[in-house]
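The structure appears below as structure tokens.
The values are calculated or read from the model by the stated rules, or taken from the named source; none is laboratory data. Since the model is a prediction, treat every value here as computed from it, not as a measurement. Cβ placement follows ideal geometry from the backbone for every residue including glycine, while neighbour counts extend to all protein chains displayed. Quick note on the areas: whole protein, heavy atoms, side chains included, nothing else; ligands and nucleic acids left out. Shrake-Rupley method; radii C 1.70, N 1.55, O 1.52, S 1.80 Å.
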Amino acid sequence: MVHFFLILMTLINSKQNSNIIFEFNADCAIESWQVVDDVVMGGRSFGQCSLNEDGNGLFKGDVSIENNGGFSSIRLNTKPIQTASFEAIVLRIKGDGSTFQFRVKRSTYERHSYVFNFETSGQWETISIPLNQMTPRFRGYSLDLPNFDQEPIEQLGFLKASKKNTAFQLEIKRISLK
């Protein structure tokens with residue numbers, strides 16, 4: 001009976017691990033994450049992505065509205081991630097109590113992203129984002145296109161936007177599909 005239980009737990013854990021898109025830890029490829037701030041448009045915001053002492057991803061910085069700025073983001077380009085058999089993206093995060101945005105692109109060549117805004121509590125939490133509730137946006141504007149439709153994802157990321165100068169911090173453990 002004990003042997004059966006161990007096999008069952010191994011199968012459950014391997015099924016859960018197979019849905020992981022990215023997990024931050026001491027061995028992860030943190031250098032694969034790219035910072036894109038409003039400086040690309042003349043703004044003055046500054047963000048960074050690093051591993052903290054616990055091995056979690058840390059997206060932090062300062063959003064500045066100087067020179068019409070107001071955002072900082074990080075993104076990860078990846079081989080196509082098939083989403084057709086999944087309903088949601090699940091984030092294991094700890095924010096600073098403010099709102100962040102999770103973003104995906106079907107192709108790195110697409111100009112628009114599919115986005116979902118989420119509030120953080122200041123505590124570790126699991127955020128489940130229904131794929132069909134991710135809406136198309138470009139440079140902050142809603143587009144007259146359908147919501148995300150379970151297509152492959154080639155880029156994902158986080159964005160912090162603000163209409164006032166503000167510091168931010170988002171600790172990230174894992175991004176997965178369910």
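Kindly provide the set of residues from the stretch 161-178 that are in a loop (DSSP other than H, G, I, E, B) and surrounded by fewer than 17 Cβ atoms within 10 Å (Cβ to Cβ), ordered by number.
Answer for the stretch 161-178, where residues must be in a loop (DSSP other than H, G, I, E, B) and surrounded by fewer than 17 Cβ atoms within 10 Å (Cβ to Cβ): Lys163, Lys164, Asn165, Lys178.
For the condition open to solvent by less than 30 Å² (accessible area, probe 1.4 Å), at pLDDT 95 or above and either more than 22 Å from Asp27 (Cα to Cα) or in a strand (DSSP E or B) (or both), what is the one hit in Gly47, Gly55?
Exactly one of Gly47, Gly55 is open to solvent by less than 30 Å² (accessible area, probe 1.4 Å), at pLDDT 95 or above and either more than 22 Å from Asp27 (Cα to Cα) or in a strand (DSSP E or B) (or both), namely Gly47.
Within the group Asn77, Asn67, which residue is open to solvent by 10 Å² or more (accessible area, probe 1.4 Å), over 14 Å from Leu177 (Cβ atoms) and part of a helix (DSSP H, G or I)?
After ruling out the rest, the residue left standing is Asn67.
Given the options Phe148, Phe102, name the one that is open to solvent by less than 30 Å² (accessible area, probe 1.4 Å), more than 29 Å from Asn52 (Cα to Cα) and at pLDDT 95 or above.
Phe148
Identify all residues within the stretch 80-98 that are part of a strand (DSSP E or B), surrounded by 14 or more Cβ atoms within 10 Å (Cβ to Cβ) and over 11 Å from the mean Cα position of the chain (by Cα); write none if there are none.
Correct list: Ile81, Ala88, Lys94, Gly95.
Only one residue in Glu23, Glu66 is modelled with pLDDT of 90 or more, within 19 Å of Gly157 (Cβ to Cβ) and among the acidic types (Asp, Glu), so which one is that?
Among Glu23, Glu66, only Glu23 is modelled with pLDDT of 90 or more, within 19 Å of Gly157 (Cβ to Cβ) and among the acidic types (Asp, Glu).
I'm trying to understand the selection: among the residues of the stretch 106-123, which are in contact (Cβ under 8 Å) with a residue 40 or more places away in the chain and open to solvent by 20 Å² or more (accessible area, probe 1.4 Å)?
Of everything in the stretch 106-123, those that are in contact (Cβ under 8 Å) with a residue 40 or more places away in the chain and open to solvent by 20 Å² or more (accessible area, probe 1.4 Å) turn out to be Arg106, Ser107, Thr108.
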